[in-house]
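Asker: Let me begin by handing over the structure; questions about it come next.
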Amino acid sequence: MKQVKAVGNRIKGAAKEVTSPRNDGSGLVSKLKRAGNSNAGGASTGGSSAASVVSDEGGGDNKVVEEGTDAATVGTMLKNKLKTATEAVTEGAGNVVNKIQVVARNSSQNDDKTKDHHHDEEEEEEGTATKEKKFKMPRDDVLKKMITIGKQKIRGVSIQDYYEVAWSEGHDCDKEPVYGPFLTSCGKNNVKVQPWESKEEEGEGYKGEWCGETYDQQRIVTFDFMKKTIGETLVSVQHTQRCRRIDNDQCIVHMTLDMNGFPYSDCFVVEVRHVASRVGENDILVEIGLFVRFLKSCMFEGKIRTNTTAETTKLQMDLLALTIEGCAKIFLWPFIKLDLFDPFPPVTMDEAVTNVRRRVVLLEKMSKNDDVNDEQKDVLAKELKAIQASLKKIEAITTISS
């Protein structure tokens, strides 16, 4: 654009030189007129005026005309001068037009590219808008107040399927119990999982003490186990579990873990929350949150929080792994061999013992089948009891060594 402006200024200057009379009347047109007047009166003046007109143009291509040159010659010289200036103006104008055309063409091309770019963006936005967005539930508000200890996506499973596998205990469905056998496999004794209760009257429910939310179902789970502190002490545990389902989009199970039988156990409870949310059409996302809630002041809060978080996290993640395994067996069993569901090799003694306990529970369940006679059942019961006793000794050894 700077070049175009420069050429334009040159054209303006040349045109002014040809047409403008200027302040002193020295423009080419003015001089040509004066030359014409001199030609008319050349006989008496000897053409001195015309000569002086041309001589005033000194420098450059101009020729100084001596005194006595006739008016016709001066007129011819001025015409040539005017022709040269006109050609210069025409050439300059042509250059300007060419450069303006080039600039205009480039500008047009840039505009076309910009329009194409905007058009592509608009088409892309329209395509994105028309494409169906993947369904995803907003994150649970209570989970935001807790430590996230587990998160797993399970493919090809609905919320109803997840509930039946993980939390139904086989009630009102054809799924096998999971929660009770899982606790037994973890070395818990006297495990009792009560059926889910629900209030029939609309608008009523079970309100959580800590979260303040209302749930549709509630059940109590109790068990006990031996815990090594200074010596061995019997710990009794109660899980108050509450459940709420939102259509086939979300299933929330919140449990309050209350323990008794060891020092400072009356100072805290543990809040655990399982939230399964639908993602897309056929997948779910399971998130597990944990919060150690202190009921009164305690000088060992930090240590209690650390140890309790570690123990509870392991237990809940094992439960999640068992749930995933249960979902896979149910929905993929016709297509995939069962041995593909074998768990990964354990990396710690605790994991190895837990795996063995799970197998023992399965063996105990199989021993009750109709195809096992009474004599075989007695033998299996004795051997299983011996295995359980051995596992307890192994657990005691690994606990001391850790």
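Asker: So in segment 133-159, with the set limited to residues that are open to solvent by less than 70 Å² (accessible area, probe 1.4 Å) and aliphatic (A, V, I, L, M), which one is farthest from GLU281 (Cα to Cα)?
Answerer: The selected residue is MET146.
Asker: Within segment 134-153, can you find the residues that are within 30 Å of ASN307 (Cβ to Cβ) and outside any loop (DSSP other than H, G, I, E, B)?
Answerer: VAL142, LEU143, LYS144, LYS145, ILE147, THR148, ILE149, GLY150, LYS151, GLN152, LYS153
Asker: List the pairs whose first member sits in segment 385-402 and is at pLDDT 70 or above and among the aliphatic types (A, V, I, L, M), whose second member is open to solvent by less than 70 Å² (accessible area, probe 1.4 Å) and not in a helix (DSSP H, G or I), and whose Cβ atoms are under 8 Å apart, counting only residues at least 6 apart or on separate chains?
Answerer: Qualifying pairs under 8 Å: LEU391/GLY187.
Asker: Turning to a different aspect of this structure: Can you name the residue in segment 172-197 that is in contact (Cβ under 8 Å) with a residue 60 or more places away in the chain and assigned to a loop (DSSP other than H, G, I, E, B) and, of all such residues, is farthest from SER236 (Cα to Cα)?
Answerer: Only one residue tops the list, namely LYS175.
Asker: Among the candidates ASN307, ASN373, which residue alone is loosely packed, with under 11 Cβ neighbours inside 10 Å and at pLDDT 75 or above?
Answerer: Sole residue among the options that is loosely packed, with under 11 Cβ neighbours inside 10 Å and at pLDDT 75 or above: ASN373.
Asker: Now a separate question. Can you name the number of the only condition in (1) in contact (Cβ under 8 Å) with a residue 40 or more places away in the chain; (2) hydroxyl-bearing (Ser, Thr, Tyr); (3) surrounded by fewer than 16 Cβ atoms within 10 Å (Cβ to Cβ) that THR229 fails?
Answerer: Status for THR229: all satisfied but (1).
Asker: Shifting gears a bit: Please verify whether segment 264-276 includes one or more residues that are among the charged types (D, E, K, R), open to solvent by 30 Å² or more (accessible area, probe 1.4 Å) and assigned to a loop (DSSP other than H, G, I, E, B).
Answerer: Taking segment 264-276 and keeping what is among the charged types (D, E, K, R), we get 266, 271, 273.
Now drop any that are not open to solvent by 30 Å² or more (accessible area, probe 1.4 Å), which leaves 266.
If we keep only those that are assigned to a loop (DSSP other than H, G, I, E, B) as well, we get none.
No - not one qualifying residue is present in segment 264-276.
Asker: Are any residues in segment 279-292 open to solvent by 40 Å² or more (accessible area, probe 1.4 Å) and out of contact with any Gly (no Cβ under 9 Å at 6 or more places or on another chain), and if so, which ones?
Answerer: Passing the criteria: GLU281, PHE291.
Asker: Quick one: in segment 182-226, which of the residues that are in contact with a Ser or Thr (Cβ under 8 Å, 6 or more places away or on another chain), more than 29 Å from LEU362 (Cβ to Cβ) and among the small types (Gly, Ala, Ser) is surrounded by the fewest Cβ atoms within 10 Å (Cβ to Cβ)?
Answerer: GLY205
Asker: Could you tell me which of the residues GLU209, GLU169, GLU202 is out of contact with any His (no Cβ under 8 Å at 6 or more places or on another chain), at pLDDT below 90 and not in a helix (DSSP H, G or I)?
Answerer: When all the criteria are applied, what remains is GLU202.
Asker: Of all residues in segment 277-312, which are without any contact (Cβ under 8 Å) to a residue 40 or more places away in the chain and in a helix (DSSP H, G or I)?
Answerer: Applying the first criterion (without any contact (Cβ under 8 Å) to a residue 40 or more places away in the chain) to segment 277-312 yields 292, 294-303, 305-307, 310-311.
Residues satisfying the conditions are GLU301, GLY302, LYS303, ARG305, THR306, ASN307, ALA310, GLU311.
The values are calculated or read from the model by the stated rules, or taken from the named source; none is laboratory data. If you're wondering where the values come from, they're calculated on a predicted model, not measured in any experiment. Positions of Cβ are generated from backbone atoms using ideal geometry, with glycine treated the same way; all protein chains shown enter the neighbour counts. Just the protein is used for accessible areas: all its heavy atoms, side chains included, with ligands, DNA and RNA removed. Shrake-Rupley method; radii C 1.70, N 1.55, O 1.52, S 1.80 Å.
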